[in-house]
1. If you check I244, I296, which single one turns out to be among the β-branched types (V, I, T) and surrounded by fewer than 24 Cβ atoms within 10 Å (Cβ to Cβ)?
2. Contact list please: Cβ distance under 7 Å, first residue in segment 330-348 and within 16 Å of G14 (Cα to Cα), second residue charged (D, E, K, R), pairs at least six apart or on different chains.
3. Can you pull out the helices (runs of 4 or more DSSP H) entirely within segment 267-352 that have at least 2 residues that are more than 19 Å from Y70 (Cα to Cα)?
4. Among the residues of segment 60-69, is any touching a strand residue (DSSP E or B) at 6+ places or on another chain (Cβ under 6 Å), β-branched (V, I, T) and either farther than 30 Å from A169 by Cα or in the same structural domain as M124 (by TED's automatic domain parsing) (or both)?
5. Conditions first: (1) over 19 Å from the mean Cα position of the chain (by Cα); (2) under 27 Å from R167 (Cα atoms). P327 passes all but one, so which condition is the exception?
6. Just for segment 313-326: of the residues that are closer than 15 Å to A108 by Cβ and not hydrophobic (A, V, I, L, M, F, W, C), which one is modelled with the lowest pLDDT?
Amino acid sequence: MTHRIAVIAGDGIGQEVIPAGIAALQAVTERTGIELSFTRLPWGCEYYLAHQRMTDADAFEQLEKFDAIYLGALGAPGVPDGISAGLILAIRQRFDQYVNLRPMRLLAGIASPLANRNAADIDMVCVRENSEGEYAGAGGRIHRGTRHEVAEQTGVFTWRGIERIIRYAFELAMKRPRRRLASATKSNALTHSMVLWDDVADAVRKDYPSVEYRKYHVDALAARMVTHPQTLDVIVASNLFGDILTDIGSAISGSLGIAPGANINPERRYPSMFEPIHGSAPDIAGTGVANPIGAIWAGALMLDHLGHRDLHDRVVAAIERVVATAPVRTPDLGGNAATRDVAEAVVRAISA
């Protein structure tokens, strides 16, 4: 069985962590009869500076032929964030990757900045709506460059968009031992969009009586992630709220460098995209000390989506062993190891 994977290493540390992820994926599929065929696409900010566009003109037609997309990071000094981030948003929307799945776990052996917390206390996953909401792109600016300039950014929420993400979150909660779902809302202030969100959630929850459901105002939920993380399991949130909450989740899990993300089209009409959530980190790019665990874990999520849960579990177990037992830590985790050292340790653990 062969899966075709489009690789966009992109910019900054993406160029360093994606090779580490590919090495882990090759190790775990060795002698399994499963082949991952990687096609490297040189897109990103360097491409933009050379061509005034982030990708080839027919990028979406090219990507649509693949089974999945493996993304490193996008963003570089000299390229506006709206240009670099715009490519990610465009891929998510064009391929209807409406689920952004982000595990938030404190792995044994990593110290959380929260006092007296261990791995059992921090084990959450965020289901973030990924296609509409605050990042839909609706709005604009007028009277540019004057003191009368006005900007409007409109959040777009639909019953269909909300229902499908909340239903996905309930289905995920059904598969987890604690069967808890927390919904992030702000219906006391956003009296149109978030009231609709709450109405849809209340309708969908009736189909899942075995899941303990609770809605939280997003500010209260952010505080609870810090003060009582052990009470949270699955979180479902809008595009903006999910983006913010998952950065909190990765921070309390010890490092942004270990956090993976999956942009999923559950119906599989289009390729899904898998990435570490840390960004291009230009401050450390080229130094060889970026943490590759987020990229490796994102590769494991890709294997799961492609139908190989057993291989996903092997990769995650290898990450857990390395973090728990090996003295191989990148600087974000308090060590002095290089990206290559951690990658090699994970590959050895996979192959053991």
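1. The conditions single out I244.
2. Listed by first residue and then by second, the contacts come to T339/E16.
3. 309-325, 339-351
4. No, because not a single residue in segment 60-69 is touching a strand residue (DSSP E or B) at 6+ places or on another chain (Cβ under 6 Å), β-branched (V, I, T) and either farther than 30 Å from A169 by Cα or in the same structural domain as M124 (by TED's automatic domain parsing) (or both).
5. (2)
6. Applying the first criterion (closer than 15 Å to A108 by Cβ) to segment 313-326 yields 316-326.
Remaining after also requiring not hydrophobic (A, V, I, L, M, F, W, C): 320-321, 325.
Details: E320: 95, R321: 94, T325: 85.
That would be T325.
Residue by residue, here is whether (1) out of contact with any Phe, Trp or Tyr (no Cβ under 8 Å at 6 or more places or on another chain); (2) charged (D, E, K, R) holds:
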| position | (1), (2) |
| --- | --- |
| V156 | yes, no |
| L172 | yes, no |
| W197 | no, no |
| V211 | no, no |
| H217 | yes, no |
| A220 | yes, no |
| R224 | no, yes |
| T227 | yes, no |
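Yes/no matrix, rows are residues, columns are (1) exposed (fewer than 13 other Cβ atoms within 10 Å of the Cβ); (2) free of Cβ contacts under 8 Å to residues at least 40 places away in the same chain; (3) aromatic (F, W, Y); (4) touching a His at 6+ places or on another chain (Cβ under 7 Å):
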position	(1), (2), (3), (4)
F38	no, yes, yes, no
A50	yes, yes, no, no
M54	no, yes, no, no
A57	yes, yes, no, no
L74	no, no, no, no
N100	no, no, no, no
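The values are calculated or read from the model by the stated rules, or taken from the named source; none is laboratory data. Computed from a predicted model, the values in this text were never measured in an experiment. Quick reminder, even Gly has a Cβ in these numbers, built from the backbone with ideal geometry, and neighbours come from all protein chains shown.
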